[in-house]
Structures are given as structure tokens and as C-alpha cells.
């Protein structure tokens, strides 16, 4: 009964990330400056691939138990499972790299030095998959390693970046702190993700890991609304420039 209930928690888990990705895609299209595009599209890429990873992993649970053979080779079910399992792993790795890209981008948002972090992320993915394909990183450990390295560090960098932006803003406009509380919430949400996805592997106070990750997913969804508030700052700065 509990396992059946867990399946639907995982489904909700994926739907939450899918909803966050839709919010971010709709808003990211309005971004004009490259730094803000890197932030919003990096976060959007993370949520899209995270949802794909969850759904592909969940599909193996809901798939039919038996399928006919194909040319007396592997059963179609086996091939189906292999494809889904590979997709689940690859999407998970890419989502964590996107999160690292987001973390670096938002941490450097107010710096004068501009670097094309997309190239860095692409090289990181390439290097990781080369290590995976050559067997240096075992297939079974690929997702966990990416989650505890790229995902954890990306979430922490994003957490620090959001706090840094919050501090900068309240220094400039101390009377309007409540307007920037969203950035503080984003920081907390990313910190919760870092622990729920990157550190915790056993129940905490008898709360299952999947439920803790569901809570962090809800926080990420709310953060997708708050982080797009940077668009207002971009619009305001452009009007001020004109």
C-alpha cells in the first residue's frame, strides 16, 4: 500500500518540476540581457530535465509487466526499461549541470566580468559523459555522483547568490525589504534542495526521503515565481537608462 502511495508522490514530484519549468520558460523569453538570460534559462533547463528524469524513472514502475519478444532477441520490455533507465540517468546528470550553471550565473550576476558559462557547462557535461562511457564512473553511480557534486554545489552557489542579491538590494533600498524577501526564500529553497537531493539518503525523523524531496520541489516551484522578479529590475534599469 505504501509503495503504491509512493508512486503517486513521485508523480506529483515530477508535475511540480514541470509546472516550475513552464513558469520559467514563459518568463525567460522576456529577458533581454545575457546575464539574466543565463540565470532564468539555467534554472528553466534544470527544472525541465529534472521533470524528465523523474517521469522517465517513474515510467518503468507503471509500465506493463510483459511484452512480446522481438526477433527472438531481448524482450521489448527489457529494451524499454534500458532506454528509460538511460534517459532517467542522462536527464538527471544534465539537470544537475544546469543547476550548477544557474548557481554560477546568479552568483556572478552583479560582477563586471562576463564569462560565457554555457561553454563551461557544455565542457563539464562532455567530460562527465566521457568518464561515464569509458567506465571510470560506473553507470549505477552516475546519477548519485552528479547529484552530490554538480547538483549539491550548484544549489549551494545559487543559495549564496540569492543571499548576495538580497543583501545588495536592501542596502540600496532599505525601506523596501519585503519586496526582496522572495530572494531570501529562493536561497532557503535552494538550501533545502541541496540537503534533500544532495545529502539525505535516509528518512529524517521518520519522514521518507521522497516526501522531503517533494517539499523541496514545492519550494523550488515557488522560487520560480520569485526569481523571475529580476525581470522587473532589468526593465527598470532599461527605463532609467533611456
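The values are calculated or read from the model by the stated rules, or taken from the named source; none is laboratory data. All of these numbers come straight from a predicted model, not from anything done at the bench. As a convention, Cβ positions derive from the backbone with ideal geometry for all residues, glycine included, and neighbour counts pool all protein chains shown.
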Test: residue in the range 101-124 that is closer than 26 Å to residue 59 by Cβ and either in contact (Cβ under 8 Å) with a residue 12 or more places away in the chain or surrounded by 19 or more Cβ atoms within 10 Å (Cβ to Cβ) (or both): no
Top-ranked residue of the range 20-34 - restricted to ones that are farther than 17 Å from residue 99 by Cβ and in contact with a helix residue (DSSP H, G or I) (Cβ under 7 Å, 6 or more places away or on another chain), ranked as modelled with the highest pLDDT: 27
Considering residues of the range 189-224 that are in contact (Cβ under 8 Å) with a residue 40 or more places away in the chain and outside any helix (DSSP H, G or I) only, the residue farthest from residue 147 (Cα to Cα): 208
Subset tally (residues that are surrounded by fewer than 18 Cβ atoms within 10 Å (Cβ to Cβ) and either in a helix (DSSP H, G or I) or in contact with a strand residue (DSSP E or B) (Cβ under 9 Å, 6 or more places away or on another chain) (or both)) for the range 38-63: 4
